[in-house]
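Single-structure report; data block below.
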């Protein structure tokens, strides 16, 4: 029974069916049929209940209670049009007999998208003075939603959903999509009959036996299960989705998953497991090479004896958003967040507050890779009815903007839940059954400008040993140069060496890649003023073992124009170099300065030498012995790029270090 039907039955039925108020008819046969119909209705025998109630009405066409309860029978059986017709018949007999009819009928009319008529009936309902406060509040909220729907339908937003195709969508239900930042891996949940499950693509890690979860399911749901499926994009097309395997999937239900931007860590919901703390908990699995680890319960304080589900992990893997019905929230189900500590534990979750959470339910949070834009579903905020999709943006003080409804027809009279947005911020993915006759399928559509997040680019490649070509597990740090703040930490895959690091736009960043026994790798991303990303940064990283003669370019050392004065944002790289020398106390290095060919050779030699000396001076101030440091200016003598272009000249203006002795 859905919430609307339950609400209407609570509002209408007790008053109508109670004999203590007396009936509007004296026809004994009509009353007999009526009470028999109530008994059948109580047994959910809708066919006989409707038949008996119609017989009661035939005995007395003005038996108003029979018309009202017949409407409820039709409503509970999903026959909205006949329910509305029966309510109208009751109003024709006595328009003031029971004011709740107008509220009930208005909600049914909204289901049928007859919003103008629903608006009139809601306004009529609110004219009655003896309405209970809770019913008045609910009606006022519904009226606001009705007015919003009228306005939204008259001002539709662009919406062009495209089916993801037969390799993704089947005759079964597909939903809860999640996507890597490079849009090459799609993971989703599929509801599939048990006898069709194929684990051949994964290793068996659990005994294939019915889950305790099934004990709480209706009989028709006990022979199906939710499993994760994975599809890889090949030549621009999604390949046939495969079962993620028994390392993750069990004979129970797994769903509502979220993966980190690089696709190597998954958080998901599982219910009624032996190691669970409540009915449903959040679990985590990590991918190494092509294998997922056996999932682990992430434990308290995120998971409790209550219901925790629908996780969304930030692109840096440090903030987890999720839904819970824990008792210290605002509504029935709220959105919460928890931060990961350096030791891997999670902080006590914080409620996102009353701007986002309502006294109703909020679901399906999705934090975009920009770590600033949150999409979610709410039934408590003003919308089209049911669950609508909303967007909020995090402000500098950590609070959120007012929720923005994504508009019609993205939102409809149906429940919209589970939307995600790609890293570039221009395309959304979601599940819907309103666009398919095969159940829920996955679709994608272009986002119109006003609901887009900040675009995010990414740096992708493989880390390997420069000499042996062996793939390496290395540590990545993405640092905001202006604020000297680490915005992302990650590691490359220890089997494949693969990495994918998200890079938010409109800032300057330093990227540092390091591994013990190797020179660190330095890169620079200047994305100030960039709002559209067309080409990501694809580049493999070769790490050089620490040995005499090896060099690295310090790409985040900056000087004022025609000056050897270090700019403030150079501190990030200088401190990284200081730490590197502290960790390798026997190293002796040369700092070298290089310029382009603009200006005289003599001038460039002098400038490059003074710039190298500035770096040495900084290191000495940080406690590095001058005996370990030498410096030299090479001017324009050792170009690494052409001097015929602005980009080439910029590459030639650089600071390097070279290992002299180990």
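The values are calculated or read from the model by the stated rules, or taken from the named source; none is laboratory data. Given the structure is predicted, the values throughout are model-derived calculations rather than measurements. Cβ sites come from the backbone with ideal geometry, for glycine too, and all protein chains shown count toward neighbours.
Points worth noting:
- Residue 131 being in the same structural domain as residue 23 (by TED's automatic domain parsing), touching a helix residue (DSSP H, G or I) at 6+ places or on another chain (Cβ under 9 Å) and part of a loop (DSSP other than H, G, I, E, B): yes
- Residues in region 481-504 that are touching a residue at least 60 places away in the same chain (Cβ under 8 Å) and assigned to a loop (DSSP other than H, G, I, E, B) were compared, and the one that is nearest to the chain's Cα centre (by Cα) is 493.
- A single entry from 89, 81 fulfils the requirement of being in a helix (DSSP H, G or I) and under 46 Å from the mean Cα position of the chain (by Cα): 81.
- Of all the residues in region 339-362, those that are buried (at least 21 other Cβ atoms within 10 Å of the Cβ) and not in a loop (DSSP other than H, G, I, E, B) number 1.
- Residues considered: 154, 169. Of these, the only one that is exposed (fewer than 13 other Cβ atoms within 10 Å of the Cβ) and either in contact with a strand residue (DSSP E or B) (Cβ under 9 Å, 6 or more places away or on another chain) or at pLDDT 95 or above (or both) is 154.
- Test: residue 257 is touching a strand residue (DSSP E or B) at 6+ places or on another chain (Cβ under 8 Å) and modelled with pLDDT of 90 or more: yes
- Residue match in region 293-300 (condition: over 29 Å from residue 495 (Cα atoms) and crowded, with 18+ Cβ neighbours inside 10 Å): no
- Among (1) in contact with a helix residue (DSSP H, G or I) (Cβ under 7 Å, 6 or more places away or on another chain); (2) crowded, with 17+ Cβ neighbours inside 10 Å; (3) at pLDDT below 90 - the single one residue 488 does not satisfy: (1)
- Among the residues listed as 473, 482, 477, the single one being farther than 18 Å from residue 396 by Cα, in contact with a helix residue (DSSP H, G or I) (Cβ under 9 Å, 6 or more places away or on another chain) and either at pLDDT 95 or above or in the same structural domain as residue 541 (by TED's automatic domain parsing) (or both): 477
- Residue within region 71-78 that is surrounded by fewer than 18 Cβ atoms within 10 Å (Cβ to Cβ), at pLDDT below 95 and under 38 Å from the mean Cα position of the chain (by Cα) present: yes
- With respect to the conditions (1) at positive phi; (2) without any contact (Cβ under 8 Å) to a residue 12 or more places away in the chain, residue 635 falls short on a single one, namely (2).
- Complete set of residues in region 92-128 that are outside any helix (DSSP H, G or I), without any contact (Cβ under 8 Å) to a residue 60 or more places away in the chain and under 16 Å from residue 413 (Cβ atoms): 112, 114
- Selection within region 617-633 - within 12 Å of residue 592 (Cβ to Cβ) and surrounded by fewer than 18 Cβ atoms within 10 Å (Cβ to Cβ): 630, 632
- When residue 443 is tested against (1) closer than 26 Å to residue 499 by Cβ; (2) assigned by TED's automatic domain parsing to the domain that holds residue 258; (3) crowded, with 19+ Cβ neighbours inside 10 Å, just one condition goes unmet, and that condition is (1).
- Of all the listed residues (497, 529), the sole one being crowded, with 20+ Cβ neighbours inside 10 Å and not assigned by TED's automatic domain parsing to the domain that holds residue 262 is 497.
Yes/no matrix, rows are residues, columns are (1) closer than 24 Å to residue 627 by Cα; (2) surrounded by fewer than 18 Cβ atoms within 10 Å (Cβ to Cβ); (3) more than 38 Å from the chain's Cα centre (by Cα):
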| residue | (1), (2), (3) |
| --- | --- |
| 545 | yes, yes, yes |
| 559 | no, no, yes |
| 563 | no, yes, yes |
| 574 | yes, no, no |
| 580 | yes, no, no |
| 588 | yes, yes, yes |
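- Yes/no for residue 519 being closer than 22 Å to residue 619 by Cβ, in contact with a strand residue (DSSP E or B) (Cβ under 7 Å, 6 or more places away or on another chain) and in the same structural domain as residue 461 (by TED's automatic domain parsing): yes
- Only a single criterion out of (1) touching a residue at least 60 places away in the same chain (Cβ under 8 Å); (2) loosely packed, with under 14 Cβ neighbours inside 10 Å is not satisfied by residue 193, namely (1).
- So residue 550, is it within 38 Å of the chain's Cα centre (by Cα), in contact (Cβ under 8 Å) with a residue 40 or more places away in the chain and within 12 Å of residue 520 (Cβ to Cβ): no
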